[in-house]
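Enquirer: Starting off with a structure, shown below.
Where a number appears in this text, it was derived from the coordinates with a stated rule and is not lab data. Every value quoted in this text rests on a predicted model; they were computed, and no experiment measured them. Quick reminder, even Gly has a Cβ in these numbers, built from the backbone with ideal geometry, and neighbours come from all protein chains shown.
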Amino acid sequence: MPGKLLLRVTASVTGSLALALSLTACGGATGASSSDGSKGGEKTVTVYSADGLKSDKGDGWYDKVFADFTKKTGIEVKYVEGGSGEMVQRAVREKTNTQADVLVTLPPFIQQADGKGLLQAYRPQGSDKVNGGDKSADGKWTSVVNNYFGFVYNKKELTTAPKTWEELLDGKYKGKLQYSTPGVAGDGTAVLIKAMHDFGGKEPAMEYLKKLQANNVGPSSSTSKLAPKTDKGELLVANGDVQMNFAQSKSMPNLGIWFPAKDGGKPTTFALPYAAGLVDKAPHTENGKKLLDYLLSEDAQKLVSEVGGGFPARTDVKPTDANAVELTKIMGGVEVFEPDWADIDKNLTAYVDAWKSATGS
């Protein structure tokens, strides 16, 4: 629910979601630090992450790799989930009493986290197999799951997917279209990035989004909550990302993935990876390093498509499972562009403010 975050504690026992505690219940432990830099020698590691890699049913990529990690190391994973922007904001508020060990967000929020001094340099084992554009040059963060921005539609209510942005202005989408909030959710911010690319700049993009607001249901801090609404027919169209929506579609038969094009143009998307970094002054630094190493291990990366419905971050891991084949088909014919992340990081506040002004949000 927007504004309400839960801490999910993942234990080594089957079922993974052993406890659900309020965020304040995870308060920092006290006591002397152990040799690994952890407080009181705790065998725990706390992850703050954007949503999409964990399943409420316990069958997501995080569920599997966290359980395997705990089994191998004895280190329990404590998990806090929210929008990318929410996770960065919480980490900023906690800088004087750091709670998170590992931060996982979508761009441009991982760059924002770095710019706010939230991350410390650490190059996980296997990060040498990650493309240069999918990791920072100074070792502050690296992608652990590759992904692409996209939209979803209800396949039962719509016989074919929409093709263009302009189609979404049609009256049949009034009250049946929603996208997550830019500046709060990573996928919501991605709506701005793609619109500015497809329409050729900030001004024409904002002009379009102002018109689209007539059909928009309203703000949502969580993108993952929009897919179930789309599957049920409460919405006809929503934003998302390929990994998350592909994984959700396994239990949501009416969910289809598509990529808007500018009228007369090609469908486009851009890489939107889950990027992970070690938090500066993390209470369990060595445990955080071990988890990052494991997330990029061959064992974990081989499960990215099969279990998580995403794309491996390591270039030497080339899955051939059924999901990998289907994901390749989904991406067929879609033009992938590379955003200017330095510009977006620098001007994100201005872009979000322009969106708020245009839409009255």
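Enquirer: Please list the non-local residues whose amide H lies under 5 Å from the amide H of Y148, H modeled 1.01 Å from N, same-chain partners needing a gap of 5 or more.
Expert: V242, Q243, L272
Enquirer: A further question on this structure: Provide the gained length on full extension for the span E338 to K163, in nm with one decimal, where the gain is 0.36 nm per separating residue minus the Cα-Cα distance.
Expert: 60.9 nm
Enquirer: I would also like to ask the following. Find the relative contact order for the chain and round it to a whole percent, using C-alpha pairs within less than 8 Å whose residues are 6+ positions apart.
Expert: 24 percent
Enquirer: Out of G58, G132, G309, any idea which swings most in a Gaussian network model of the chain, alpha carbons joined below 10 Å?
Expert: G132
Enquirer: Return the Rg/Rh ratio of segment 188-256 with Cα-based radii and a Kirkwood Rh.
Expert: Result: Rg/Rh = 1.01.
Enquirer: Just to confirm the number: angle between the C-alpha axis of helix 186-199 and the first principal axis of the chain, 0 to 90 degrees, nearest 10?
Expert: Between the helix axis and the principal axis of the chain, the angle is about 40 degrees.
Enquirer: Which length gain, in nm to one decimal place, applies between D56 and K329 when the Cα-Cα distance is subtracted from 0.36 nm times their residue separation?
Expert: Between D56 and K329, full extension yields an extra 95.6 nm.
Enquirer: Oh, and also: Can you compute the charge dipole magnitude of segment 205-361 about its Cα centre, using +1 on each Lys and Arg Cβ and -1 on each Asp and Glu Cβ, nothing else charged? Give it in debye, rounded to the nearest 20.
Expert: With only Lys, Arg, Asp and Glu charged at Cβ, the dipole is about 440 debye.
Enquirer: May I ask which residue of S221, Y48, Y294 lies farthest towards the positive end of the charge dipole of the chain, with charges of +1 (Lys, Arg) and -1 (Asp, Glu) on Cβ and the Cα centre as origin?
Expert: S221
Enquirer: How big is the charge dipole of the chain about its Cα centre, in debye rounded to the nearest 20, if each Lys and Arg gets +1 on its Cβ and each Asp and Glu gets -1 on its Cβ?
Expert: That gives a dipole near 640 debye.
Enquirer: Contact order normalised by length for segment 185-255, with contacts defined as Cα pairs under 8 Å and 6 or more residues apart; what percent is it?
Expert: About 30 percent, as a whole number.
Enquirer: Can you tell me the 0 to 90 degree angle between the C-alpha axis of helix 341-359 and the longest principal axis of the chain, rounded to 10?
Expert: Around 50 degrees separate the two axes.
Enquirer: Same structure, new question: Treating the beta-carbon of each Lys and Arg as +1 and of each Asp and Glu as -1, no other charges, what is the dipole magnitude of segment 268-334 about its Cα centre, to the nearest 20 debye?
Expert: For segment 268-334, the charge dipole is close to 140 debye.
Enquirer: Sticking with this one: Please give the net charge around L303, taking every other residue with its beta carbon less than 13 angstrom from that of L303, where Lys and Arg add +1 and Asp and Glu add -1.
Expert: After counting each charged neighbour, the total is -4.
Enquirer: Now, a different point. Can you tell me, using C-alpha contacts under 8 Å and at least 6 residues apart, the relative contact order of segment 116-156 as a whole percent?
Expert: It rounds to 37 percent for segment 116-156.
Enquirer: Of A322, S361, I344, whose Cα points farthest to the positive end of the dipole of segment 301-361 (charges on the beta-carbon: +1 Lys, Arg; -1 Asp, Glu; origin at the Cα centre)?
Expert: It is A322, whose Cα lies furthest towards the positive end.
Enquirer: Next question, about the same structure. Label D321 and K281 with points 7 Å out from Cα along Cα→Cβ: what is the distance between them in nm?
Expert: 4.0 nm
Enquirer: Using the count of nearby Cβ atoms within 10 Å as a rough guide to exposure, how do L158, L168 rank from fewest to most?
Expert: By the 10 Å Cβ count, ascending: L158, L168.
Enquirer: Additional query: Give the angle, between 0 and 90 degrees and rounded to the nearest 10, that separates the Cα long axis of helix 202-212 from the longest principal axis of the Cα atoms of the chain.
Expert: Helix 202-212 sits at roughly 70 degrees to that axis.
Enquirer: Right, next: Starting from the Cα gyration tensor of segment 214-361, take the square roots of the eigenvalues, sort them a ≥ b ≥ c, and report rounded, prolate or oblate (rounded when a/c is under 1.5, otherwise prolate if a/b is larger than b/c, else oblate).
Expert: Judged from the Cα gyration tensor, segment 214-361 comes out oblate (a/c at least 1.5, b/c at or above a/b).
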